[in-house]
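Below is one structure, written out as structure tokens; comments come after it.
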Amino acid sequence: MPKTLVVLTGPTGIGKTSLGIKIARHFNTEIVSSDSRQIFKELSIGTAVPTKEELNAVKHHFIQNHSITENYNASRYETEALELIENLFKKKDIILMVGGSMLYIDAICKGIDVMPDADHEIREALKKQLETEGLESLRLQLKKIDPEYYRTVDLKNPNRIIHALEISIQTGKPYSSFRSNKAKTRPFSIIKIALNCDRQILHNRIDLRVDMMVEEGLEAEARRVYPQKQLNALNTVGYREWFAHFDREITREKAIELIKRNSRRYARKQITWFKKDEAVQWFAPDQPHEIINYIEAQIK
RNA sequence: GGUGCCAUAGCUCAGUUGGUAGAGCAACGGACUGAAAAUCCGUGUGUCCCUGGUUCGAUUCCAGGUGGCACCA
């Protein structure tokens, strides 16, 4: 029997979690989360981790199994999730991946080029350089060290330039030499399914969900991690807005409004990303039977 | 019922001494290989309330209507 990874994705708030459970139960399998924020054990309300009931209904992996203090990234996810998936395939023919983190999904489906983790000190030094000397100085440095990448990189995006520089400086080899531009092949086949619905309905769902999170105590959850607000894991919709409120930059009402707006924008960004992927088959969130039929037809 | 003010983008509003319009916010489109819920780029989306009148030309001026607000009854 061929092994198949079914990827269920879509914008935030569309209903991936509950639909994923239906599908996983139908195929009597387990769920591997591909959500870059639900992996953190310190976060639960703001990341909308599955409820206890949902976790009991189907075995989930990669839910709250890391700490915000780790420097987690897509490459580590590739390594860890892939190993897990290989193991699960020993007892299952179908595995369901559920989540909306675009790059994490790509890391599993296509892979990320092998290169070292960024050195913390080098990154901090480059950040400081950006602050004091400006983006132009980083650009010039990149132009010298890695003219090839300089030609293709978004020269207005500091994160991209810093990353290329930190890898180049650290390894002594240009960043572009690590970029193969080739997708890795996987020893299993992949079916990609994405959910979407009318934009207005999605926005309403997002607004409603944010209100529910606030009712469930999102502010207190954010307060608990506030002392660690500089961590990358907390540069996240649903938390950064509270930090701004705690710092007296915005009102509580404004924070809630911004969480809604930023969630909407995140959803749009996700849709843009998945639209580009021709392997993705789109469904509405109320089509579990159609989705199951589609998966079964694909497997045959 | 009377008088006055207002009516322009999804919202709040600016503006055109008459040549079909622009800000903020919201929204929308896009990029993406180790920070990705990150980071970055781009885009006004409009029966200027309706109907007549004046005019070469009206969103702008005039009249009436409709709706909203305020005050007086």
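The values are calculated or read from the model by the stated rules, or taken from the named source; none is laboratory data. What you see is a predicted model; the values in this text were computed from it and never measured. Cβ atoms come from the backbone with ideal geometry, glycine included; neighbour counts cover every protein chain shown. We work out accessible area using only protein heavy atoms, side chains counted, and drop any ligands, DNA or RNA first. Shrake-Rupley method; radii C 1.70, N 1.55, O 1.52, S 1.80 Å.
With a cut-off of 11 Å between beta carbons, the residues surrounding residue A:85 carry a summed charge of -1, where Lys and Arg count +1 and Asp and Glu -1.
With protein chains left intact and a 1.4 Å probe, residues in chain A average 54 Å² of accessible area per residue.
Each of A:60, A:82, A:2 was scored by the projection of its Cα onto the charge dipole of segment A:1-91, and the greatest displacement toward the positive side belongs to A:2; charges sit on the C-beta of Lys, Arg, Asp and Glu.
Computed over segment A:42-117, the alpha-carbon pair-distance distribution with 10 angstrom bins reads 15, 47, 33, 5, each value a whole percent. The value of relative contact order for segment A:211-300, using C-alpha pairs under 8 Å at least six residues apart, is 17 percent. Taking a ≥ b ≥ c as the square roots of the eigenvalues of the Cα gyration tensor, an a/c ratio of 1.5 or more together with a/b larger than b/c marks segment A:198-251 as prolate.
Taking 0.36 nm per residue of separation and subtracting the current Cα-Cα distance, fully stretching the chain between residue A:224 and residue A:284 would add 17.9 nm. Taken about its Cα centre, chain A carries a charge dipole of roughly 600 debye when the Cβ of each Lys and Arg holds +1 and the Cβ of each Asp and Glu holds -1. When only the Cβ of Lys, Arg, Asp and Glu is charged (+1, +1, -1, -1), the dipole of segment A:17-167 relative to its Cα centre reaches about 440 debye.
Packing, as the average of other Cβ atoms within 10 Å across residues, places the peptides A:193-200, A:250-257 in the order A:193-200, A:250-257, highest first.
For chain A, taking Cα atoms only, Rg and Dmax work out to 20.4, 59 Å respectively. Using just its DSSP H runs of length 4 or more, each adding -39500 (n - 2.57), chain A gives a mean residue ellipticity at 222 nm of -16000 deg cm²/dmol after division by all residues. Here the Gaussian network model covers chain A, with springs between Cα atoms less than 10 Å apart; of A:130, A:142, A:208, A:130 fluctuates the most. A Gaussian network model of chain A, with springs between Cα atoms under 10 Å, assigns the largest mean-square fluctuation among A:133, A:241, A:249 to A:133. Rounded to the nearest 20 debye, the dipole magnitude of segment A:185-300 is 500 debye, with +1 charges on Lys and Arg beta carbons, -1 on Asp and Glu beta carbons, and the Cα centre as origin. Largest to smallest in accessible area, the residues A:60, A:289 fall in the order A:289, A:60 (1.4 Å probe, all protein chains included). Expressed as a whole percent, the accessible area of chain A that falls on carbon and sulfur atoms is 48 (1.4 Å probe). Among the lysines of segment A:206-300, pairs at least eight places apart or on separate chains and with Cα atoms under 30 Å apart come to 9.
According to the square roots a ≥ b ≥ c of the eigenvalues of the Cα gyration tensor, what is the shape class of segment A:157-210, taking rounded for a/c under 1.5, prolate for a/b larger than b/c otherwise, and oblate for the remainder? Note, shape of segment A:157-210 comes out oblate.
Amide hydrogen proximity for residue A:7: with H placed 1.01 Å from N in the peptide plane, the residues at 5 or more positions away or on another chain lying under 5 Å are A:97, A:191, A:192, A:193. Per-residue surface analysis assigns residue A:260 an accessible area of about 40 Å², computed on protein heavy atoms at 1.4 Å probe radius. Across chain A, the relative contact order, built from alpha-carbon pairs under 8 Å that are at least six residues apart, equals 28 percent.
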